[in-house]
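J.: One structure coming up, written as structure tokens, with questions to follow.
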Amino acid sequence: MARQIRAMRGATLRCKGWRQESLLRMLENVLEVGERPEDLVVYTAGARAARNWDSFDRIVRALQGMEEGQTLVIQSGKPIGLFTTYADAPIVVMANANLVGRWAVPEVFYDLDRRGLTMPAGFTAGGWQYIGTQGIAQGTYMTFLAAAHEKFGGTLAGRLVVTSGCGGMGGAQPLAVTLNGGVAIVIDVDRAKIERRVRTGYCNRVCEDLDETLRMCQKALRDRAPLSVGLVGNAAEVMPELLRRKVIPDIVTDQTSASDPVDGYIPAGFSLAEASELRGRDLTAYLKKVFQSIGTHVEALLAFQAAGALVFEYGNNLRAQAKEAGVEKAFEIPSFMPRFIRPFFFEGRGPFRWIAISGDPEDITRIDELVLREFGDDPYASQWVDLARKAIKGEGLPARICWLKHGQRSRLAMLVNEMVRTGVLHGPVAFARDNLDGASAALPWRETENMPDGSDAIADWPLLNALLNVACRADLVTIHSSAGGAAGTGVSCGTTVVADGTPAGELRLQRTLNAETSLGMLRYADAGYSEAVANVRKAGIQELSLGGSQGKGAARG
Ligand code: NAD
């Protein structure tokens, strides 16, 4: 029978301390909220929490038996050993899915994965920091908000957004559009994925029929009422059909798992079962179909762009796969990153999140109230928390995503640590983030695309981020690379620090969280963004790289 994992709640410790127990609950939680937990798959086609069930069980036993002053080393989801370090050292360090440069290509990765030597870990699956679809919800909301400001006067009311992919990450798109007042059609081949988003409050309804979907959306557009419809279908069929009918949306994007052509993107004309059958029988024939479909899909996106729609890639390597499929103009579609998100990194803002280890939703409510009190004048904190409290249903351990900036993150975490110490909260709180942060990612087709100094492919920053976080005694530090069909396209660092109510915990939080955002701002200052240079100076960060300049790309800002 398939194993079902649910994160432990309450005040009972199974480990020898709350730091270990918190990480154990985070591991359990990524499976509780994951997309295919029976196979240890958390999100993005195949990103796993542990190499296999045997590794999972051995990680659990290691966390339960660890003494203070030991560090657990994990290599691509498999526990390797317990090492004597320091009482304050990280509890877990990991390296996931990393390959030596020349070998970091999909064929080698898939082969090593099938031989059980590595695993795809995503950026928060193998690092146990995934909190369900909420984790990407604010970033997606902010992306559509920035698009609305750029072209539609700051609102999507009366605007149609068409996108695809309603999985672990993509499932945030319908809610992000309706929170901006717009109407969304989200195409997914898998009805069950859409139904899950309807159940968890991310999508309003599911529909199998394009005509009916368009009728519902046209009415909502006329009424300027927010609506999201998950349309069961294949993007490579529906997008060209919309073009044929001359339905030109205001915004078009995509979040199918195009990054993984083997286990992710489903070719046109195939049901899930048919795709699985051909994949197993003749992978070469299957991949030919996948790339043909991605080509058709992206040609349609380019045609929407030519017809005046705002089209952008949403971080799933769709353009690179389309180029591979022979679509020469694929990169004429811009990425969401430099256009809508990068300026946030200049002030150390990024996808910060916290998880109530007690499992008690009241802990998150109390921290929400704290955020509203402390950062009431910051719309990215207060307006978002207000929206999230109303719109986001809980999945797994209670959690909150909130894009706090440099200084705010450490301040909040220290206040929360005090609330843990004094018993205002029912248990510890883990602070983490995903890869989409200032220094934590080198992905030349996403986070670091089109840097002003050309440093897109420099992978030193996430590695330095990880080293620095170990020096700051974060509780879990991981270095991971893009895997599967995206192998060789990115390197990233993940971090978790636990507010356990102790003075040592306070120091760990303060140092790690300040170091992370400082390094992130320095990365963008070093690349030449003048706002980042100014923010580094304003924050009093001890930089040694800017040489008194106002930034190499001051004019570019
Ligand atoms: P997922 O595997 O959970 O979901 C992908 C969905 O796409 C599935 O529901 C699948 O049924 C659907 N799908 C596949 N082929 C399709 C097709 N041809 N037409 C319609 N639907 C199709 O993956 P996810 O975690 O949601 O991630 C999606 C993509 O987003 C990945 O490529 C991932 O790398 C990328 N991603 C982007 C960001 C970001 O910051 N923008 C963050 C994380 C992940």
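The values are calculated or read from the model by the stated rules, or taken from the named source; none is laboratory data. All figures in this text were calculated on a predicted structure; none of them were measured in a lab. Cβ: placed from backbone, ideal geometry, glycine included. Neighbour counts: every protein chain shown.
J.: Within segment 122-130, identify whether any single residue is closer than 25 Å to LYS16 by Cβ, of a type outside the set (Lys, Arg) and more than 16 Å from the ligand (Cβ to nearest atom), and answer yes or no. Reasoning before the result, please.
T.: Step one: of segment 122-130, the residues closer than 25 Å to LYS16 by Cβ are 126-129.
Remaining after also requiring of a type outside the set (Lys, Arg): 126-129.
Okay, now just the ones that are also more than 16 Å from the ligand (Cβ to nearest atom), so none.
Taking every residue of segment 122-130 in turn, none turns out to be closer than 25 Å to LYS16 by Cβ, of a type outside the set (Lys, Arg) and more than 16 Å from the ligand (Cβ to nearest atom).
J.: In segment 2-39, what residues are within 30 Å of ILE194 (Cβ to Cβ) and not in a loop (DSSP other than H, G, I, E, B)?
T.: ARG25, MET26, LEU27, GLU28, ASN29, VAL30, LEU31, GLU32, ARG36, PRO37, GLU38, ASP39
J.: Would you point out which residue out of GLY116, GLY135 is in a helix (DSSP H, G or I) and either in contact (Cβ under 8 Å) with a residue 24 or more places away in the chain or within 15 Å of the ligand (Cβ to nearest atom) (or both)? Let's see the steps before the verdict.
T.: Working: GLY116 fails: in a helix (DSSP H, G or I).
Just a single option satisfies the conditions, and that option is GLY135.
J.: A follow-up question, please. Would you mind telling me which numbered condition in (1) surrounded by fewer than 21 Cβ atoms within 10 Å (Cβ to Cβ); (2) away from the ligand (no atom under 16 Å from the Cβ) LEU156 fails?
T.: (1)
J.: What pairs can you find where one residue is in segment 228-247 and closer than 20 Å to LEU156 by Cβ, the other is crowded, with 21+ Cβ neighbours inside 10 Å and not hydrophobic (A, V, I, L, M, F, W, C), and their Cβ atoms are less than 7 Å apart, with a gap of 6+ or different chains?
T.: Close Cβ pairs satisfying both conditions: SER228/PRO174; SER228/THR178; VAL229/THR213; GLY230/PRO174; GLY230/ASP188; GLY230/ARG197; LEU231/THR213; MET239/HIS297.
J.: If you check every pair at least six apart or on different chains, which have Cβ atoms under 7 Å apart with a residue in segment 367-392 that is loosely packed, with under 14 Cβ neighbours inside 10 Å first and a residue that is of a type in the set (S, T, N, Q) and assigned to a helix (DSSP H, G or I) second?
T.: The qualifying pairs are GLY376/SER382.
J.: Suppose we filter segment 48-85 for residues that are in contact (Cβ under 8 Å) with a residue 40 or more places away in the chain, surrounded by fewer than 18 Cβ atoms within 10 Å (Cβ to Cβ) and either within 16 Å of the ligand (Cβ to nearest atom) or farther than 18 Å from ASN29 by Cα (or both); how many remain?
T.: Total satisfying the criteria: 3.
J.: Still on this model: List the number of the failed condition for GLY315; all other conditions in (1) within 16 Å of the ligand (Cβ to nearest atom); (2) assigned to a helix (DSSP H, G or I) hold.
T.: Status for GLY315: all satisfied but (2).
J.: Looking at segment 389-444, which of the residues that are in a helix (DSSP H, G or I) and basic (Lys, Arg) is nearest to the ligand (Cβ to nearest atom)?
T.: Here the residue is ARG409.
J.: Give me the residue from segment 242-266 that is of a type in the set (D, E, K, R) and either surrounded by fewer than 22 Cβ atoms within 10 Å (Cβ to Cβ) or on the phi > 0 side of the Ramachandran plot (or both) and, out of that set, nearest to the ligand (Cβ to nearest atom).
T.: Initially, segment 242-266 is screened for residues of a type in the set (D, E, K, R), giving 244-246, 250, 254, 260, 263.
From what is left, the residues that are either surrounded by fewer than 22 Cβ atoms within 10 Å (Cβ to Cβ) or on the phi > 0 side of the Ramachandran plot (or both) are 244-246, 250, 263.
On the way: ARG244: 17, ARG245: 18, LYS246: 21, ASP250: 19, ASP263: 8 Å.
Among those residues, the one meeting the criterion is ASP263.
J.: Also: Restricting attention to segment 496-547, which residues are farther than 26 Å from PRO452 by Cβ, among the acidic types (Asp, Glu) and not in a loop (DSSP other than H, G, I, E, B)?
T.: GLU506
J.: Something else about it: Restricting attention to segment 181-197, and to residues there that are surrounded by 24 or more Cβ atoms within 10 Å (Cβ to Cβ) and farther than 13 Å from THR213 by Cβ, which single residue is farthest from the ligand (Cβ to nearest atom)?
T.: GLY182
J.: Kindly establish whether ALA322 is more than 13 Å from the ligand (Cβ to nearest atom) and either at pLDDT 95 or above or surrounded by fewer than 22 Cβ atoms within 10 Å (Cβ to Cβ) (or both).
T.: no
J.: Considering (1) within 21 Å of the chain's Cα centre (by Cα); (2) away from the ligand (no atom under 12 Å from the Cβ); (3) hydrophobic (A, V, I, L, M, F, W, C), say which one ALA45 fails and leave the rest.
T.: Here ALA45 clears every test but (2).
J.: Please tell me if LEU210 is surrounded by 19 or more Cβ atoms within 10 Å (Cβ to Cβ) and under 17 Å from LEU387 (Cβ atoms).
T.: no
J.: Looking at GLU328, GLU347, which is the one that is crowded, with 19+ Cβ neighbours inside 10 Å and either outside any helix (DSSP H, G or I) or at pLDDT below 95 (or both)?
T.: Matching residue, one of GLU328, GLU347: GLU347.
J.: Okay, next question. May I ask you to list the residues in segment 192-234 that are of a type in the set (D, E, K, R) and either in a helix (DSSP H, G or I) or on the phi > 0 side of the Ramachandran plot (or both)?
T.: Those that are of a type in the set (D, E, K, R) and either in a helix (DSSP H, G or I) or on the phi > 0 side of the Ramachandran plot (or both): LYS193, GLU195, ARG196, ARG197, ARG199, ASP211, GLU212, ARG215, LYS219, ARG222, ASP223, ARG224.
J.: Could I ask something else about it? Given the options VAL60, VAL42, name the one that is closer than 28 Å to ALA275 by Cβ and not in a loop (DSSP other than H, G, I, E, B).
T.: Testing whether each residue is closer than 28 Å to ALA275 by Cβ and not in a loop (DSSP other than H, G, I, E, B) leaves just VAL42.
J.: So, one more: If you go through segment 203-235, how many residues are in contact with a Cys (Cβ under 8 Å, 6 or more places away or on another chain) and either at pLDDT below 95 or within 15 Å of THR163 (Cβ to Cβ) (or both)?
T.: Total satisfying the criteria: 8.
J.: A further question follows. Which ones in segment 163-180 are within 15 Å of the ligand (Cβ to nearest atom), β-branched (Val, Ile, Thr) and more than 11 Å from GLN255 (Cα to Cα)?
T.: The one that is within 15 Å of the ligand (Cβ to nearest atom), β-branched (Val, Ile, Thr) and more than 11 Å from GLN255 (Cα to Cα): VAL177.
J.: For segment 97-118, give me the residue count where each residue is hydroxyl-bearing (Ser, Thr, Tyr) and either in contact with a Pro (Cβ under 9 Å, 6 or more places away or on another chain) or more than 17 Å from ILE74 (Cβ to Cβ) (or both).
T.: 1
J.: Now for a different question. Among the numbered conditions (1) within 11 Å of the ligand (Cβ to nearest atom); (2) part of a helix (DSSP H, G or I); (3) more than 21 Å from the chain's Cα centre (by Cα), tell me where GLY269 comes up short.
T.: Tallying (1) within 11 Å of the ligand (Cβ to nearest atom); (2) part of a helix (DSSP H, G or I); (3) more than 21 Å from the chain's Cα centre (by Cα), GLY269 fails exactly one: (2).
J.: On the given criteria, is LEU231 of a type in the set (A, V, I, L, M, F, W, C), surrounded by 14 or more Cβ atoms within 10 Å (Cβ to Cβ), more than 13 Å from the ligand (Cβ to nearest atom) and over 24 Å from MET337 (Cα atoms)? Break it down stepwise before answering.
T.: Working: of a type in the set (A, V, I, L, M, F, W, C): yes; surrounded by 14 or more Cβ atoms within 10 Å (Cβ to Cβ): yes; more than 13 Å from the ligand (Cβ to nearest atom): no; over 24 Å from MET337 (Cα atoms): yes.
Answer is no for this residue.
J.: Restricted to segment 302-312, and to residues that are among the small types (Gly, Ala, Ser) and part of a helix (DSSP H, G or I), which residue is surrounded by the most Cβ atoms within 10 Å (Cβ to Cβ)? Steps first, answer last, please.
T.: The initial filter retains those residues of segment 302-312 that are among the small types (Gly, Ala, Ser), namely 303, 306-309.
Of the ones still in play, those that are also part of a helix (DSSP H, G or I) are 303, 306.
Numbers: ALA303: 17, ALA306: 12.
Step by step, filter segment 302-312, then rank; the result is ALA303.
J.: Right, another one. Mind counting the residues in segment 86-129 that are crowded, with 17+ Cβ neighbours inside 10 Å, at negative phi and of a type in the set (Phe, Trp, Tyr)?
T.: Of the residues in segment 86-129, 3 are crowded, with 17+ Cβ neighbours inside 10 Å, at negative phi and of a type in the set (Phe, Trp, Tyr).
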